[in-house]
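The values are calculated or read from the model by the stated rules, or taken from the named source; none is laboratory data. Just so you know, these numbers come straight off a predicted model, no measurement behind them. Because the Cβ atoms are built from the backbone with ideal geometry, glycine has one as well, and the counts that use them run over all protein chains shown. The area values use the complete protein model at the heavy-atom level, side chains included, leaving out ligands, DNA and RNA. Shrake-Rupley method; radii C 1.70, N 1.55, O 1.52, S 1.80 Å.
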Amino acid sequence: MTLLLFSILIVLFLINVPIAVTLGTASAAIFFIEGDVSLIVIMQRMFNAVDSFPLLAIPFFILAGKLMESGGISQRLIHFANVLFGRVNGGLAIVSIVACAFFAAISGSAAATTAAVGSLLIPAMVKKGYDKSFSTAVQAAGGTVGIMIPPSVPLVLYGVTAGVSIGELFIAGIIPGILVTGSLLILVYVISLKRNYGGGETYSFMEILKAFADAILALLMPVIILGGIYGGIFTPTEAAVVAVVYGLIVGIVIYREIKLSDLVEIFSSSVVITAVIMFIIAGASVFGYYLTRARVPKELAEFMLSITDNWVIALLIINLLLLFVGVFLETSAAIIILTPILAPIASALGIDLVHFGIIMIVNLAIGFITPPVGVNLFVASNISGTKIEKLIVAIIPFVIVMIISVLIISFVPSISLFLTK
């Protein structure tokens, strides 16, 4: 029956049935064939899966990101990054990566980070003489840190699915996010130096100070969120609500770049994104229910341990699996499908589940810049007008660097766990 389940899943994926419908339909079909589980129980499982207090963080973080995106935050962050790094070779490319890291600490979304920063910086890089394919690849790769640096919607999904503290996951994501950002910065600097891109812009101390003052409210947001969570002032869900209130005040009252009429679009787009994610969670809950009843995670863990009890080799195999899945499957669905299967294996191997969550997220982030699903590739391609086949060639060095970063994060657990202890 398990083989039949995965066969149905593959067929439905191939004919482009939406992921949520695929997961729910395939699992319900197996239960119907077996006949020992009522369809009412399936509906109850779907409802209970989304009836979760921690999951409330998802719509609020999505809304907070939209508010910050529309409230003039991205322009101020980009300007601040530019006055810091504009004088360096490849200055605008470096600014792009740094601005993505700043914006990631606000939006929690890879696609939103790519769109918000890329719409401003890709045209600016091309105007300065940067190759269009390179500029687009820089932005697509930079956007991936959106799901690593907290707050991150995928980290919330993993935390709920694996039963791991979301607050600890947020803290654990900081250093790995900085590591990936740093590796991308080194790459763009080396390429820019070789091709003689950019540099030379200088700013006075007062200009730097003014840019910092303009961006301070944006920079304070992640400090408030993470400081509040880690200080025990509020839970991650409550932090998401605080982020929304903060975004409203900054965008409407202080920067005055969000009009009341804009709120309809901001709220409606947030609702649509939330609905899609929640539908996936509901469908995946039925899938997970079948896997648990069929003892698939337990049997897979026993099979993995029968092959090797060496956590290094096992982790290499898991990394390869995650990289492969990330190429073909949307991140939220991959987390919800794979976490119930892989988390027990990680536990059996003695891998901390907080550390494993970071490994999983960074692996799946690479899927944002690899075809055929690579969302960031298509977002950046639409902004620049670059053909996707040219972009695929340009993105290869970034994929290699990110894979190296994944391996470092995987085999040096202290990178993820240092701040949580």
* To do: Could you do me a favour and compute the accessible area per residue for the chain, 1.4 Å probe, result in Å²?
  => 41 Å²
* To do: Loop only per DSSP, at most 13 neighbouring Cβ atoms within 10 Å: give me the trypsin sites (Lys or Arg not before Pro) in segment 213-310, ordered by residue number.
  => Arg256, Lys259, Arg295
* Mean projection area, nm², convex hull over Cα of segment 165-213 -> 5.4 nm²
* Compute from the Cα atoms of segment 303-419 the Rg and the Dmax, the latter being the longest Cα-Cα distance, and quote both in angstrom. => 15.4, 50
* Structure fact -> Whole-number value, in Å³ per residue, for the convex hull of the alpha carbons of segment 1-58 is 92 Å³
* Crossing angle, helix 19-34 versus the chain [Cα axis fit, 0-90 degrees, rounded to tens] -> 10 degrees
* With only Lys, Arg, Asp and Glu charged, each at its Cβ (+1 for the first two, -1 for the last two), find how big the charge dipole of segment 269-421 is about the Cα centre; round to the nearest 20 debye. => 180 debye
* Asked: What is the spin-label model distance, in nm, from Asp36 to Trp311 if the labels are put 7 Å beyond Cα along the C-beta direction?
  -> 3.5 nm
* Structure fact -> Of the candidates Leu63, Asn82, Leu9, the farthest towards the positive dipole end of segment 1-156 (Lys/Arg Cβ +1, Asp/Glu Cβ -1, centred on the Cα centre) is Asn82
* To do: Taking only the C-alpha atoms, wrap a convex hull around the chain and report its volume per residue in Å³ as a whole number.
  => 142 Å³
* Given only helices, namely DSSP H runs of n ≥ 4 each adding -39500 (n - 2.57), what is the per-residue ellipticity at 222 nm of the chain, to the nearest 500 deg cm²/dmol? -> -25500 deg cm²/dmol
* Based on Cβ point charges of +1 for Lys and Arg and -1 for Asp and Glu, what charge dipole magnitude is obtained for the chain about its Cα centre, in debye rounded to the nearest 20? -> 900 debye
* Considering the options Pro344, Val312, Met402, tell which one lies farthest towards the positive end of the dipole of segment 266-421, charges being +1 on Lys and Arg and -1 on Asp and Glu at the Cβ, about the Cα centre. => Met402
* Asked: In whole percent, how big is the carbon plus sulfur part of the accessible area of the chain, probe 1.4 Å, protein atoms only?
  -> 71 percent
* To do: Apply the Debye scattering formula to segment 232-322, with a single equal point scatterer on each alpha-carbon and no solvent, then give log10 I(q)/I(0) at q = 0.11, 0.17, 0.19, 0.20 Å⁻¹.
  => -0.66, -0.91, -0.99, -1.03
* Structure fact -> Kirkwood-based Rg/Rh on the Cα set of segment 360-421 evaluates to 1.11
* Where does segment 206-281 land on Rg(C-alpha)/(2.2 N^0.38 Å)? -> 1.35
* To do: Please find, in a Gaussian network model of the chain (springs between Cα atoms separated by less than 10 Å), the residue of Val241, Val401, Val153 whose mean-square fluctuation is greatest.
  => Val401
* Listed residues Leu323, Leu209, Leu92, most fluctuating in the chain (Gaussian network, C-alpha, under 10 Å) -> Leu209
* Bin all alpha-carbon pair distances of segment 65-203 at 10 Å intervals from 0 and give each bin's fraction as a whole percent. => 13, 43, 30, 11, 3
* To do: Kindly provide the Kirkwood hydrodynamic radius of segment 99-168 in Å, to one decimal, from all pairs of distinct alpha carbon atoms.
  => 12.7 Å
* To do: With a 1.4 Å probe and all protein chains in place, put Leu220, Leu353 in order of accessible area, largest first.
  => Leu220, Leu353
* Asked: In Å, the Kirkwood hydrodynamic radius of segment 2-104 over pairs of distinct alpha carbons?
  -> 18.0 Å
